[in-house]
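The values are calculated or read from the model by the stated rules, or taken from the named source; none is laboratory data. Because the structure is a prediction, the values reported are computed rather than measured. In this analysis, Cβ positions are derived from the backbone assuming ideal geometry, glycine residues included, and neighbour counts consider all displayed protein chains.
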Amino acid sequence: MLNPALDRQALANAFATEGRLRIAGLLDEGYLHEIQKLCTDSVPYDLIFHLNGQNQVMPPEQLAQLDHQAQRQMQQQLFQLANKGVGFLYQGYRMDPGRVLPAELAPLQSLFEFINSEAMLTFIREISGYHDLSSADGQYTRYVPGHYLTRHSDNITSEGRRLAYVLGMSETWHPDWGGLLQFFEPDGNPADAWLPAFNTLSLFDVSHIYSVTYVTPFASKPRLSLTGWYRR
């Protein structure tokens, strides 16, 4: 599944420069197109957001019970927090090692298991130089117009996070649609921004400050990815 043509030494050299890199052509594209189609058409995503001082997960059936006024009020509260640089709003489908998925979604589990396989862990250890990595968690994410992830870092020492990863499944994404993986200097100045791209792995040390920029109302397709952290 992993592209054998990847130059591991060149990737390791690139990662060593800034503690982040993008790897195009990571996997077999035919296989990933199957995952992409499931993520577009079949995954029952939860709504994931930060509100009232807590990270919250709202299943689709619960969201459907909210009337228009309640949804609008929640949106206003989320945007008030985002105005202060706090919070996030997107759709997610969390993967767990013991989770049993419906048969039609089994390929999602297969990809997550590969992300945790010894072959993939060895690859990530080699290119990052982080030889203490033992596992990865993950969730399939879907950003549609109005979704965002405000500026933050993932460095939570107690959780053993070492590297954040984003396996992109968006094709022909236009930069004006938003949804960019944006990195920042400590003073808040933008440092770099990466466009969503199909079959491209974005990998970065959790010390980096980053965001996912607001997806604009005129974005014509969802931003799809498998994301998570490699942990010690």
- Query: Counting only residues that are under 18 Å from Arg142 (Cβ atoms) and either without any contact (Cβ under 8 Å) to a residue 24 or more places away in the chain or surrounded by fewer than 18 Cβ atoms within 10 Å (Cβ to Cβ) (or both), how many does the range 198-218 have?
  - Reply: 3
- Item | Qualifying positions in the range 50-95 - part of a helix (DSSP H, G or I), under 24 Å from the mean Cα position of the chain (by Cα) and surrounded by 10 or more Cβ atoms within 10 Å (Cβ to Cβ) | Pro60, Gln62, Leu63, Met74, Gln75, Gln77, Leu78, Phe79, Gln80, Leu81, Ala82
- Message: Looking at (1) loosely packed, with under 11 Cβ neighbours inside 10 Å; (2) within 22 Å of the chain's Cα centre (by Cα); (3) in a helix (DSSP H, G or I); (4) not acidic (Asp, Glu), which one does Gly98 not meet, given that it meets all the others?
- Response: (3)
- Task: Evaluate the following for Val43: is it within 24 Å of Leu101 (Cβ to Cβ), in a loop (DSSP other than H, G, I, E, B) and touching a residue at least 60 places away in the same chain (Cβ under 8 Å)?
- Result: yes
- Message: From the list Arg8, Arg22, exactly one residue is at pLDDT 95 or above, on the phi < 0 side of the Ramachandran plot and over 20 Å from the mean Cα position of the chain (by Cα). Which is it?
- Response: Arg8
- What residue, among those in the range 184-196 that are hydrophobic (A, V, I, L, M, F, W, C) and out of contact with any Ser or Thr (no Cβ under 7 Å at 6 or more places or on another chain), is surrounded by the most Cβ atoms within 10 Å (Cβ to Cβ)? Phe184
- Using the structure shown, decide if Gln109 is polar (S, T, N, Q), surrounded by 15 or more Cβ atoms within 10 Å (Cβ to Cβ) and assigned to a helix (DSSP H, G or I). yes
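Going through the range 114-147 one residue at a time, which ones are acidic (Asp, Glu) and in contact (Cβ under 8 Å) with a residue 12 or more places away in the chain?
Passing the criteria: Glu126, Asp132, Asp137.
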- Starting from the range 19-36, keep only residues that are farther than 23 Å from Asp154 by Cβ, then list their pairs with residues that are in a loop (DSSP other than H, G, I, E, B) and among the aromatic types (Phe, Trp, Tyr) whose Cβ atoms are within a distance under 8 Å, requiring at least 6 positions of separation or different chains. Glu29/Phe198; Leu32/Phe198; Gln36/Phe198
- Name, by its number, the condition in (1) among the hydroxyl-bearing types (Ser, Thr, Tyr); (2) farther than 28 Å from Asp7 by Cα; (3) touching a residue at least 60 places away in the same chain (Cβ under 8 Å) that does not hold for Ser158. (3)
- Query: When the residues of the range 148-183 are filtered to those that are of a type in the set (D, E, K, R) and surrounded by 14 or more Cβ atoms within 10 Å (Cβ to Cβ), which remaining residue is farthest from Gly30 (Cα to Cα)?
  - Reply: Arg151
